[in-house]
Amino acid sequence: MRHDSGLLTDLYELAMAAGYFQTGLHARATFELYARHLPETRNFLVVGGIEQALDYLESMRFTRGEIEYLKRHPAFRNVRREFFDFLARFRFHGDVWALPEGTLAFAGEPLLRVEAPIAEAQLLETYLLAAIHFQTLVASKAARVVLAARGRQVVEFGSRRAHGIEAGVLAARAAWMAGASGTSNTYAARRYGIPAFGTQAHSWVMAHASEAEAFDRFLDVFPQAATLLVDTYDTRRGIDKILRGKRKPAGLRLDSGNLARDSRWARRRLREAGWDDVGIFASGDLDESKIEALLEAGAEVDGFGVGTAIVTSSDAPSLGLIYKLVAVGRAGRAVPVAKFSPEKATYPGPKQVFRFHDRSGRFARDVIALEDERPRGGEPLLVPAMRNGKRLQPAQTLEEARARCRKQLQLLPARYQRIDKRVAFPVSYSERLARTFQRMRRLARRQAALK
């Protein structure tokens, strides 16, 4: 798959772009991308996928073959040649503002704002939503798992459960940004500089004549790095075999059974053997709720492996991100536009998000305001990312995003970090923005009544 292809979009985006072009609507327009609501199990989002989105905007192209495909498509039989010429020379010429990756965000807050000729801005919708949605989804889930682990190691190893191998690589990136200790995906580890971790599978143990032989041979190959999987037949007997062999591994992995009870038993036996530095690693369909319950039950675990729950965000597999028009050029000026349908209303005009801190420096509240407002004491979060289709700064490193996420989680009050209870962070609209919305809605209702 070509990652710069202009066909990485839905057909109706291309149809609208052709419509704009053929009817002469070349106005500059502003779109904003955000989550209308957060899932019931989320108190915050961790923004991800921005770097991939910006990469696409810089490289998006239509090849001759792609354009010929569209020419043959029945939906485009009446589209004039000028539109296909536009696609042949297509380059993104717009401006972009974005929340830097690793930023904590909340419902209604623009994660990205695009200002460009309307046909260009329209064509971007599908890719921007897909790129930002997936990594934000995974990073937000991974952050909850990391919080639940209370400083213990969390390794992401969900590639085998991902919705495609590319999703597995990007999930490893997003989880690392959100605070995971590493990944099992070696491609992602090399590509993004993430620590790679691995133990052994039950098949290794089952392939040998005995469990003791399987442990010995693995230790022969990896004498300093072996983490041995002990639950293939019986967890406690497996641990006893390792102890009798008197060859100390780097760690033990518990993958089934009563993890809290078995980990306490394992820790006691390891201490009796003088092996206090042998780690205990737990896995097996874990998520943040199970990890929290294990630690509440006194589990003696140094690290957790979490796969499916992170890579699929199993409890909340969609954030429902949207990409909405908020302003369009008319008669030489940008005119705010809004949608007033029940449950799906949108606020008009290009916006900025301002974050306020309490006296201790912690996050206190956010205000969504029009872009030219300057609420006193508020920190603007959306930063200029592109001008005329070119990045304004070098690509942000993943380490920078990881450090930002870590710092922002430290500044988020504990009540909003809870994984067992929905506690909404206070987000409001500025008075001016609220008045603008109400005025436009009243006018729209009057106009509808006259027709």
Exercise for the section: Scan segment 43-60 and give yes if some residue there is part of a strand (DSSP E or B), within 20 Å of residue 412 (Cβ to Cβ), at pLDDT 95 or above and out of contact with any helix residue (DSSP H, G or I) (no Cβ under 6 Å at 6 or more places or on another chain), otherwise no. Expected result: no
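Take residue 313 and tell me if it is within 26 Å of the chain's Cα centre (by Cα) and at positive phi.
For residue 313, the condition - within 26 Å of the chain's Cα centre (by Cα) and at positive phi - is met.
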Problem - Hits in segment 370-388 (condition: more than 23 Å from the chain's Cα centre (by Cα), under 18 Å from residue 33 (Cβ atoms) and part of a loop (DSSP other than H, G, I, E, B)) - result: 371
Problem - Boolean, residue 101 is closer than 30 Å to residue 287 by Cα, crowded, with 17+ Cβ neighbours inside 10 Å and assigned by TED's automatic domain parsing to the domain that holds residue 199 - result: no
Handout entry: From the options 99, 57, 104, residue that is in contact with a Cys (Cβ under 9 Å, 6 or more places away or on another chain) and either closer than 30 Å to residue 404 by Cβ or among the hydroxyl-bearing types (Ser, Thr, Tyr) (or both)
Key = 104
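Filter segment 327-340 down to residues that are surrounded by fewer than 17 Cβ atoms within 10 Å (Cβ to Cβ) and in a loop (DSSP other than H, G, I, E, B), then give me how many there are. Outline the logic, then answer.
If we filter segment 327-340 for residues that are surrounded by fewer than 17 Cβ atoms within 10 Å (Cβ to Cβ), which is where we start, we get 330-333, 335, 339-340.
Now narrow it down to the ones that are in a loop (DSSP other than H, G, I, E, B): 331-332, 339-340.
Within segment 327-340, residues that are surrounded by fewer than 17 Cβ atoms within 10 Å (Cβ to Cβ) and in a loop (DSSP other than H, G, I, E, B) number 4.
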Exercise for the section: Just need a number here: residues in segment 61-83 that are touching a residue at least 24 places away in the same chain (Cβ under 8 Å), outside any loop (DSSP other than H, G, I, E, B) and loosely packed, with under 14 Cβ neighbours inside 10 Å. Expected result: 4
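Condition check ((1) of a type outside the set (S, T, N, Q); (2) at pLDDT 95 or above) across all residues:
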site	(1), (2)
133	yes, yes
150	yes, yes
156	yes, yes
174	yes, yes
177	yes, yes
183	no, yes
187	yes, yes
196	yes, yes
200	no, no
Practice task
Scan the helices (runs of 4 or more DSSP H) fully inside segment 389-451 and keep the ones with 2 or more residues being within 22 Å of residue 47 (Cβ to Cβ) and in contact with a strand residue (DSSP E or B) (Cβ under 6 Å, 6 or more places away or on another chain).
Solution key: 398-411
Practice task
Kindly indicate whether residue 175 is surrounded by 23 or more Cβ atoms within 10 Å (Cβ to Cβ) and touching an Asp or Glu at 6+ places or on another chain (Cβ under 6 Å).
Solution key: yes
Handout entry: Verdict on residue 442 being among the basic types (Lys, Arg), surrounded by 12 or more Cβ atoms within 10 Å (Cβ to Cβ) and closer than 25 Å to residue 335 by Cβ
Key = no
Exercise for the section: Scan segment 279-311 for residues that are crowded, with 20+ Cβ neighbours inside 10 Å and in contact with a Gly (Cβ under 6 Å, 6 or more places away or on another chain) and report the count. Expected result: 5
Problem - Those residues of segment 417-431 which are within 26 Å of residue 370 (Cα to Cα) and surrounded by 14 or more Cβ atoms within 10 Å (Cβ to Cβ), in sequence order - result: 425, 427, 429, 430
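A quick yes/no check of all residues on (1) within 15 Å of the chain's Cα centre (by Cα); (2) under 28 Å from residue 300 (Cβ atoms); (3) of a type outside the set (Val, Ile, Thr):
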{"position": "132", "(1), (2), (3)": "yes, no, no"}
{"position": "135", "(1), (2), (3)": "yes, no, yes"}
{"position": "148", "(1), (2), (3)": "no, yes, yes"}
{"position": "154", "(1), (2), (3)": "no, yes, no"}
{"position": "161", "(1), (2), (3)": "no, yes, yes"}
{"position": "164", "(1), (2), (3)": "no, no, yes"}
{"position": "170", "(1), (2), (3)": "yes, no, yes"}
{"position": "175", "(1), (2), (3)": "yes, yes, yes"}
Fill in the blank from the handout: Pairing a residue in segment 341-357 that is surrounded by fewer than 20 Cβ atoms within 10 Å (Cβ to Cβ) and modelled with pLDDT under 95 with any residue that is part of a loop (DSSP other than H, G, I, E, B) and not aliphatic (A, V, I, L, M), where Cβ atoms lie under 8 Å and the two sit 6 or more apart in sequence or on different chains, gives 344/36; 345/339
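Let me confirm something: among 356, 363, which residue is within 24 Å of residue 179 (Cβ to Cβ) and assigned by TED's automatic domain parsing to the domain that holds residue 100? Give the steps one after another, and end with the answer.
On the way: 356 fails: within 24 Å of residue 179 (Cβ to Cβ).
Answer to the selection: 363.
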Practice task
State whether the residues of segment 186-201 include one that is in contact with a His (Cβ under 8 Å, 6 or more places away or on another chain), under 30 Å from residue 6 (Cα atoms) and buried (at least 23 other Cβ atoms within 10 Å of the Cβ).
Solution key: no
Completion exercise
Residues of segment 59-93 being farther than 15 Å from residue 20 by Cβ and either in contact with a Phe, Trp or Tyr (Cβ under 7 Å, 6 or more places away or on another chain) or not assigned by TED's automatic domain parsing to the domain that holds residue 384 (or both), in sequence order, are 60, 61, 62, 67, 70, 71, 88
Handout entry: Subset of segment 31-42 that is assigned to a loop (DSSP other than H, G, I, E, B) and of a type outside the set (A, V, I, L, M, F, W, C) - its residue that is surrounded by the most Cβ atoms within 10 Å (Cβ to Cβ)
Key = 42
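The values are calculated or read from the model by the stated rules, or taken from the named source; none is laboratory data. Treat the numbers as computed from the prediction; the structure is a model and nothing was measured. Reconstructed Cβ throughout: ideal geometry from the backbone, glycine too, with neighbour counts over all protein chains shown.
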